[in-house]
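Following: one structure in structure tokens, then a few remarks.
The values are calculated or read from the model by the stated rules, or taken from the named source; none is laboratory data. Worth saying up front: this structure is predicted, and the values here are computed from it rather than measured. Note: ideal-geometry Cβ built from the backbone for every residue, glycine included; neighbour counts use all protein chains shown.
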Amino acid sequence: VEPEVVLLDFWVSPFGQRCRIALEEKGVPYEYREQDVLNCKGELLLRSNPVHKTIPVLLHAGRAICESFVIVHTYVDEAWPDAAPLLPRDDPYARAEARFWADYIDKKIYGCQTRLWKLKGEAQEQAKKDLTEVLKTLESELGDKPYFAGDTFGFVDIALVPFTSWFLAYEKLGGFSIEEHCPKIVAWAKLWRERESVAKALTDPDKVEFVQFLQTKFGPM
Ligand SMILES: N[C@@H](CCC(=O)N[C@@H](CSO)C(=O)NCC(=O)O)C(=O)O
């Protein structure tokens, strides 16, 4: 019999990791199905996400939900409302703020990190500067709060924390220290990584060889 919830994912994907954390926080049992997104996408993935043909895809009771932001912010939080909310229930302003910052993360981080390991020379230097600026902006938003929404974990933490597994890779490739510029974000990430739902989902930062693999596969531009 088909499991109620299935997650089509890819081990190192920060977007997939968001979904794993959210499902874990909600206590939703699900079947994890690894997809070979780099070489040959399977029929189920192509059928479930014909528009983007990307993971993650959440399959729930036979229906597919695509895009990690949509999966976490809208679907998981609202389909399993009885468990810990990922967003404040009755506070439109707080919900709006959370969306604003998660959108900022989506718009900025993946692009900067990709340029960081794909490009060389001056372009790579620029990517390092851009990434540092983005993390400093997030750091000033976090301030002295333990989590982005204050004293409870939430949607923005989930949106950002998977990318912190890549910090070591960025530092090795870029030859710079993130902690030097953003000590609070690094401390926040350490706090978060101890949380079971996160620890189970995140890639071990030492697996940075994956980034070198991507570099060899896609090559520096
Ligand atoms: N905006 C989307 C990004 C998903 C994505 O890039 N998925 C990648 C793997 S992780 O980097 C993917 O599926 N790539 C396959 C491809 O691009 O063909 C989301 O938030 O879910």
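For Y147, the conditions (1) under 18 Å from the mean Cα position of the chain (by Cα); (2) within 16 Å of the ligand (Cβ to nearest atom) all hold with the exception of (2).
Residues in the stretch 152-189 that are assigned to a helix (DSSP H, G or I), modelled with pLDDT under 90 and over 15 Å from the mean Cα position of the chain (by Cα): L168, A169, Y170, E171, K172, L173, G174.
Could you please let me know if L44 is more than 20 Å from F69 (Cβ to Cβ) and surrounded by 14 or more Cβ atoms within 10 Å (Cβ to Cβ)? Answer is yes for this residue.
Scanning the stretch 190-221 for residues that are at pLDDT 65 or above, more than 19 Å from L160 (Cβ to Cβ) and exposed (fewer than 13 other Cβ atoms within 10 Å of the Cβ) yields D206, T216. Confirm whether G174 is on the phi > 0 side of the Ramachandran plot and not charged (D, E, K, R). Taking the combined requirement at face value, the residue does not satisfy it.
Considering the stretch 24-42, the residues that are in contact with a helix residue (DSSP H, G or I) (Cβ under 9 Å, 6 or more places away or on another chain) and hydrophobic (A, V, I, L, M, F, W, C) include one that is nearest to the ligand (Cβ to nearest atom), namely V37. Flag set for E34, criterion: of a type in the set (D, E, K, R), within 20 Å of L202 (Cβ to Cβ) and exposed (fewer than 15 other Cβ atoms within 10 Å of the Cβ).
Figure legend. Inter-residue proximity from the stretch 56-85: first residues in contact (Cβ under 8 Å) with a residue 24 or more places away in the chain, second residues part of a strand (DSSP E or B) and within 11 Å of the ligand (Cβ to nearest atom), beta-carbon distance below 6 Å, spacing 6+ or different chains. Indicated pairs: P56/D9; V57/L8; V57/C66; L58/I65; I71/L58; I71/I65. Scanning the stretch 5-23 for residues that are farther than 14 Å from A199 by Cα, hydrophobic (A, V, I, L, M, F, W, C) and within 12 Å of the ligand (Cβ to nearest atom) returns L7, L8, F10, F15.
Do we have any residue at all in the stretch 82-96 that's under 17 Å from the mean Cα position of the chain (by Cα), within 13 Å of the ligand (Cβ to nearest atom) and not polar (S, T, N, Q)? The answer is no; no qualifying residue exists.
I'd like the full set of residues that are under 23 Å from A149 (Cβ atoms) and within 14 Å of the ligand (Cβ to nearest atom), limited to the stretch 66-81. Once the filter is applied, which keeps residues that are under 23 Å from A149 (Cβ atoms) and within 14 Å of the ligand (Cβ to nearest atom), the stretch 66-81 yields E67, S68, F69, V70, I71, V72, H73, T74, Y75, V76. Pairing residues of the stretch 128-157 that are more than 18 Å from F100 (Cβ to Cβ) with residues that are surrounded by fewer than 20 Cβ atoms within 10 Å (Cβ to Cβ) and at pLDDT 95 or above, at Cβ distances under 7 Å and at least 6 apart in sequence or on separate chains, gives no pairs at all. Residue count for the stretch 143-152, restricted to those that are crowded, with 21+ Cβ neighbours inside 10 Å and in contact with a Lys or Arg (Cβ under 8 Å, 6 or more places away or on another chain): 0. Among the residues making up the stretch 107-119, those that are outside any loop (DSSP other than H, G, I, E, B) and either surrounded by fewer than 17 Cβ atoms within 10 Å (Cβ to Cβ) or basic (K, R) (or both) are K107, K108, Y110, G111, T114, R115, K118.
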